[in-house]
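Participant: I have a structure here, written as structure tokens, and I will follow up with some questions on it.
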Amino acid sequence: MNRRLYFILPDVEVSRLVLRDLLLARVSEDHMHFLGKRGMDLEDLPEATSAERSDITHGMQVGIVSGALGGAIIGLGVYGMQVISGMKPMYEIILLLFILGAAFGVWVSGVLIGSSTPNTKLKQFEHAIDEGHILLMLDVPKDKVDEVRELILKHHPEAEDHGIEPTIPAFP
């Protein structure tokens with residue numbers, strides 16, 4: 001299981017030095033995500049993906065729960081109407097509408113709304129990013145957290161450690 005470390009770096013030059021040190025420590029570039037102010041040229045730094053910059057993951061989680069719940073309620077209503085009207089009730093309608101509701105919820109809440117909403121977990125870093133600093137989000141195995149933090153802070157005292165996110169979701 002990976003942990004996400006957050007560091008605020010003063011500029012692109014320091015960020016490139018941190019990148020080099022992490023690569024030498026055998027941290028994969030795929031696990032480094034740099035985020036700067038909109039329009040900032042991060043040069044060859046691995047940039048944060050749209051899934052990391054947006055609230056799509058949170059939106060999908062909310063959407064699947066609310067959509068599934070809504071679909072199940074509608075399914076129960078349709079099932080009840082079948083019973084009241086004397087039709088042969090189909091239990092499958094509840095499951096079908098549950099699944100369709102979940103899919104609709106993921107699409108609306110995650111894809112349409114969440115993808116265009118800034119990531120709420122990054123709100124605490126907004127001010128620093130707006131000032132021109134760079135946020136480094138670094139995903140490392142749990143047993144390497146202390147080693148990597150020490151490496152960055154020892155070689156780059158200008159880097160600000162902003163803690164650890166306990167778990168990284170498998171998706172995205």
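The values are calculated or read from the model by the stated rules, or taken from the named source; none is laboratory data. Given the structure is predicted, the values throughout are model-derived calculations rather than measurements. Methodologically, a virtual Cβ is constructed for each residue, glycine included, from the backbone with ideal geometry; neighbour enumeration extends over all protein chains shown. For the accessible areas, the whole protein counts, side chains as well, though only heavy atoms, and no ligand, DNA or RNA atoms are used. Shrake-Rupley method; radii C 1.70, N 1.55, O 1.52, S 1.80 Å.
Participant: Starting from the Cα of Glu160, move 7 Å in the Cα-to-Cβ direction to define the label point; list residues of region 109-133 whose amide nitrogen is under 19 Å from there.
Facilitator: Hits in region 109-133 for Glu160 at 19 Å: 119-133.
Participant: Stokes-Einstein D for region 1-43 at 4 °C, 1.567 mPa s, Kirkwood Rh over Cα pairs, in µm²/s?
Facilitator: 113
Participant: Right, something else. Could you give log10 I(q)/I(0) at q = 0.15, 0.20 Å⁻¹ for region 27-172, computed by the Debye formula over C-alpha point scatterers of equal weight, without solvent?
Facilitator: Summing over Cα pairs of region 27-172 leads to -0.85, -1.20.
Participant: Give me the distance between the Cα centres of region 98-172 and region 24-73, rounded to whole Å.
Facilitator: Taking the Cα centre of each part, region 98-172 and region 24-73 sit 7 Å apart.
Participant: May I pose another question? By how many nm would the segment from Arg20 to Lys142 lengthen if fully extended, with 0.36 nm per residue of separation less the alpha-carbon distance?
Facilitator: Contour length minus Cα-Cα distance gives 41.8 nm.
Participant: With each pseudo-label sitting 7 Å past Cα toward Cβ, what's the Met90-Leu76 distance in nm, one decimal?
Facilitator: 2.1
Participant: Right, another one. Let me cross-check Arg16: its accessible surface, 1.4 Å probe, with only protein heavy atoms counted, in Å² to the nearest 10?
Facilitator: Here the accessible area works out near 90 Å².
Participant: To continue, here is another question. With charges set only on the Cβ (+1 for Lys and Arg, -1 for Asp and Glu), what does the dipole of the chain come to about its Cα centre, in debye to the nearest 20?
Facilitator: About 880 debye.
Participant: Pick out the long, greasy-scoring helices in the chain: whole DSSP H runs spanning 15 Å or more along their own axis by Cα, mean Kyte-Doolittle at least 0.5.
Facilitator: 12-24, 56-85, 92-105
Participant: Using packing as a proxy for protection, rank 137-150, 86-99 so that the peptide with the highest average count of other Cβ atoms within 10 Å comes first.
Facilitator: Ranked from most to least packed, the peptides come out as 137-150, 86-99.
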